[in-house]
Amino acid sequence: MKVLIIGAKGFIGTHLYSYLTQKNNQITACDVVIDYETPNYILIDQSNADYDDLFKSYNFDICINCSGASSVPDSVTNPQRDFYLNTINVFNMLEGIRKYQPNCKFLNLSSAAVYGNPKQLPIKETDISKPLSPYGFHKKNAELICEEFHQFYQLNTCSVRIFSAYGNGLKKQIFWDIAQKAKGSNTLTLFGTGMESRDFIHIDDIVANLELIMLKDSFTANIYNIANGVEITIEQAAKELLKALNWHGKLIFNQVVRVGDPQNWCADILKIKALGYKQKISLELGLKKYAEWLNN
C-alpha cells in the first residue's frame, strides 16, 4: 500500500513507520523536523502546513495522522496551540484529501481523553464523551470532523481512541516521569492517590492494531478503542517499573489531582478484537523492555 504517515517523527509515528516499512509497504513520511536521511520524506511547516499541495503532488492509498499535541497540562495552559494542532490540522488534511484525492483513506489517531470520567467500566466506544481537558475536547472535535467529511463528502475515515500508550522512545508521561524522579533519589513523589487506574498498551501492540484497521475496517467514520481491556492502578504500574529499574526507595502519592486527569479507565475492546487483535506485550514485559531502553 502507498501509505502517508503525518507526524512520522513522533513516538507512535516513528514506530509505525518502522513497522509498516518491514511489511513492504511504500511509505511516505511527513513531519515538521528536518531530515535528510529518511527516503520519501516531506517536510511541512508547523505553523502553516500546506496539505493542499501535499495531496495535489502525491498519491496515497491511506493517510495516517499521527501528528498533533499530546500534553493534557499544556492544553490547559495553551489551548489555542492545542486546538490548532489537534483540530484545525485535521480539518486541513481532510480538505486536501477532499479536493485532490477523495479515494484516499484517512486514519485519525484520537485519544481516550475524549471520555473523561466514565460512569461505568469498561468504556465502550458508544459511551457519552465528557472530556476533562481542552486536549480531550479538541480530540473529540477532530473525530467529529472525520465524521463530517464522511457524511457530506463520502470520504473514507476512521478514528482510534488510544488509551495509555508506552514503550521505548517515549520521553514523557507517567513512566518517563517515574524514571527521571528515581534517579539519584530514595524518595519518589507522584500526583494523585495511586488508586487511579489506566488501561496500558505497548507501542508494539498499538501499531499492530493500526495495521489491522488499515486492512480490515470499512472506513465509514468508525471509532475503535485501542487498549487491552485491563485496568491497572497507577501504584501497581509504578511499582512494576521501579522493580524493573531495581529501585528500592519510598514511593509517595501526594493526594493532589491535576486538572484534566481522569480517575479510572478500562476499555471495552470487543470491536478491535473482532478484527483479530491479540495482545502480545504484557505490562510486565513492556516495562522490562522500557527499563532496558532507559538504562542504555
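The values are calculated or read from the model by the stated rules, or taken from the named source; none is laboratory data. Not measured: the values here are computed from a predicted model. Cβ atoms come from the backbone with ideal geometry, glycine included; neighbour counts cover every protein chain shown.
The table for this structure:
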read-out	value
Single match in Ala237, Ala179, Ala221 (criterion: out of contact with any helix residue (DSSP H, G or I) (no Cβ under 6 Å at 6 or more places or on another chain), touching a residue at least 12 places away in the same chain (Cβ under 8 Å) and not in a loop (DSSP other than H, G, I, E, B))	Ala237
Residue match in segment 187-206 (condition: part of a loop (DSSP other than H, G, I, E, B), among the aliphatic types (A, V, I, L, M), closer than 25 Å to Trp247 by Cβ and under 15 Å from the mean Cα position of the chain (by Cα))	no
Scan of segment 146-176 for residues that are surrounded by 22 or more Cβ atoms within 10 Å (Cβ to Cβ) and part of a helix (DSSP H, G or I), ordered by number	Cys146, Phe149, Phe175
Unique residue being among the acidic types (Asp, Glu) and over 23 Å from Ser111 (Cα atoms) when the list is Glu196, Glu240, Glu211	Glu240
Residues (within 28 Å of Gly192 (Cα to Cα), in contact with a helix residue (DSSP H, G or I) (Cβ under 9 Å, 6 or more places away or on another chain) and among the aliphatic types (A, V, I, L, M)) located in segment 270-296	Ile281, Leu283, Leu287, Ala291, Leu294
Listing of helices (runs of 4 or more DSSP H) fully contained in segment 7-108 that carry 3 or more residues being surrounded by fewer than 18 Cβ atoms within 10 Å (Cβ to Cβ), touching a strand residue (DSSP E or B) at 6+ places or on another chain (Cβ under 8 Å) and at pLDDT 95 or above	none
Pick from segment 109-132, criterion closer than 14 Å to Glu143 by Cβ and either among the β-branched types (Val, Ile, Thr) or assigned to a helix (DSSP H, G or I) (or both), ranking: modelled with the lowest pLDDT	Ile128
Long-range neighbours under 7 Å by Cβ, at least six apart or interchain, first residue under 16 Å from Gly7 (Cβ atoms) within segment 69-81, second charged (D, E, K, R)	Ala69/Arg81; Ala69/Asp82
Hits in segment 253-269 (condition: among the aliphatic types (A, V, I, L, M) and surrounded by 14 or more Cβ atoms within 10 Å (Cβ to Cβ))	Ala267, Ile269
Looking only at segment 113-165, and only at residues there that are among the polar types (S, T, N, Q) and in contact with a Cys (Cβ under 8 Å, 6 or more places away or on another chain), the one that is nearest to Tyr224 (Cα to Cα)	Ser159
Identity of the residue in segment 182-233, of a type in the set (Lys, Arg) and surrounded by fewer than 20 Cβ atoms within 10 Å (Cβ to Cβ), that ends up nearest to Tyr290 (Cα to Cα)	Lys183
